[in-house]
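The values are calculated or read from the model by the stated rules, or taken from the named source; none is laboratory data. Because the structure is a prediction, the values reported are computed rather than measured. Please note: Cβ atoms are built from the backbone with ideal geometry, for glycine as well, and neighbour counts cover all protein chains shown.
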């Protein structure tokens, strides 16, 4: 296996992680992934968020616990990507040019995604809606990750 895609969703593991939300979530994989060798990289191909509590023109930084990318004193995750928000109520981005960063582990059973706004001071939260009962929209975030072997 030289590459594969994995879709992770903020609603995937609510039964394991009760604190999951749109801006921070952990996904417990049904079957752990064991990566052979030490040259695996991960990239963010797509991200979709609904009802994020962010403003237009905010920058959202997407972090993942698997990477060795940029680390900040306030977290242990590595940076996957940064994105500019155009429409805060439904934000979708597909990257034609995927940026890859090295993976720091060979055994993956939980994937953690964290979204921080602007100066990393605030996590992306769920936008509060007054008419939520009449609106079937649910706050959610999903990411399509690409794992590849870097020869």
- [ ] Would you mind stating whether residue 11 is in a strand (DSSP E or B) and closer than 30 Å to residue 90 by Cα?
- [x] no
TODO: Count, please, the residues in segment 22-51 that happen to be modelled with pLDDT under 90 and either surrounded by fewer than 18 Cβ atoms within 10 Å (Cβ to Cβ) or farther than 23 Å from residue 115 by Cβ (or both).
DONE: 4
